[in-house]
Amino acid sequence: MGNAWTEFIHNDILIATVASNFLAQFLKVLTNYMRTHRINWKIAVSTGGNPSSHTSTVTTLTILLGERYGLGSPFFTISFILAAIVVIDALSVRREVGEHSKTMNEIFLETPWGRKIAEMIDVKKFKELIGHSGLEVFMGFLLGILVAIIDIWITGK
């Protein structure tokens with residue numbers, strides 16, 4: 001067990017990948033503060049926003065696996081396919097769900113007809129910030145590259 005724990009805590013790819021995610025989440029709070037001049041820590045645990053933490057995370061993982069094991073390795077292949085799915089999902093499906101949520105909230109919370117229905121049944125506000133814009137995904141991609149480069153520089157691997 002001791003050896004497994006040692007391997008786990010010395011896994012620089014895992015540490016860099018998780019750090020990439022946490023850094024992206026923190027940067028969401030910072031970018032929101034720059035826009036609103038208010039600190040909102042809830043954003044640190046939310047989906048959506050700038051930069052995309054999902055994109056940052058899978059980018060860091062994919063680059064480090066490719067650099068460490070080669071672009072022909074099964075590790076890189078799996079990570080690359082996973083990254084492609086995550087990015088496409090962030091840009092399309094999740095973004096579209098966010099737009100639908102916004103429309104549903106407008107219908108049920110901002111129209112007389114919708115408010116009347118909301119009085120009769122329990123209508124909860126839908127979460128609107130779910131997906132990402134192209135810029136948010138691109139910024140997550142750049143952050144993921146930066147974290148991977150820092151990991152390669154620190155570890156010398």
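The values are calculated or read from the model by the stated rules, or taken from the named source; none is laboratory data. Given the structure is predicted, the values throughout are model-derived calculations rather than measurements. So basically every Cβ, Gly included, is an ideal-geometry build from the backbone, and we count neighbours across all protein chains shown.
For the condition β-branched (Val, Ile, Thr), surrounded by fewer than 14 Cβ atoms within 10 Å (Cβ to Cβ) and not in a loop (DSSP other than H, G, I, E, B), what is the one hit in Thr31, Thr6? Before the answer, list the steps.
On the way: Thr31 fails: surrounded by fewer than 14 Cβ atoms within 10 Å (Cβ to Cβ).
Of Thr31, Thr6, the one residue that is β-branched (Val, Ile, Thr), surrounded by fewer than 14 Cβ atoms within 10 Å (Cβ to Cβ) and not in a loop (DSSP other than H, G, I, E, B) is Thr6.
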Show the residue pairs that are 6+ apart or on different chains and have beta-carbon atoms under 6 Å apart, the first residue being within the stretch 36-47 and closer than 16 Å to Val18 by Cα, the second being among the hydrophobic types (A, V, I, L, M, F, W, C) and surrounded by 10 or more Cβ atoms within 10 Å (Cβ to Cβ). Ala44/Val29; Thr47/Ile130
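Just the residues that are aromatic (Phe, Trp, Tyr), modelled with pLDDT of 90 or more and more than 16 Å from Leu61 (Cβ to Cβ), please, taken from the stretch 1-39.
Looking only at the stretch 1-39, we keep the residues that are aromatic (Phe, Trp, Tyr), and these are 5, 8, 22, 26, 33.
When the remaining residues are screened for being modelled with pLDDT of 90 or more, the result is 22, 26.
Of everything in the stretch 1-39, just one residue is aromatic (Phe, Trp, Tyr), modelled with pLDDT of 90 or more and more than 16 Å from Leu61 (Cβ to Cβ), namely Phe26.
State the number of residues belonging to the stretch 126-137 that are more than 16 Å from Leu61 (Cα to Cα), at pLDDT 70 or above and crowded, with 16+ Cβ neighbours inside 10 Å. I'd like the intermediate steps shown before the answer.
Filtering the stretch 126-137 for residues more than 16 Å from Leu61 (Cα to Cα) gives 126-136.
In the following step, the residues that additionally are at pLDDT 70 or above were identified as 133-136.
Those still in the list that are crowded, with 16+ Cβ neighbours inside 10 Å too: 136.
The number of residues fulfilling the criteria is 1.
Yes/no per residue for (1) modelled with pLDDT under 95; (2) part of a loop (DSSP other than H, G, I, E, B); (3) of a type in the set (A, V, I, L, M, F, W, C); (4) surrounded by 16 or more Cβ atoms within 10 Å (Cβ to Cβ):
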residue: Pro51; (1), (2), (3), (4): yes, yes, no, yes
residue: Thr57; (1), (2), (3), (4): no, no, no, yes
residue: Ile85; (1), (2), (3), (4): yes, no, yes, no
residue: Glu99; (1), (2), (3), (4): yes, no, no, no
residue: Phe108; (1), (2), (3), (4): yes, no, yes, yes
residue: Lys124; (1), (2), (3), (4): yes, yes, no, no
residue: Gly144; (1), (2), (3), (4): no, no, no, yes
residue: Ala148; (1), (2), (3), (4): no, no, yes, yes
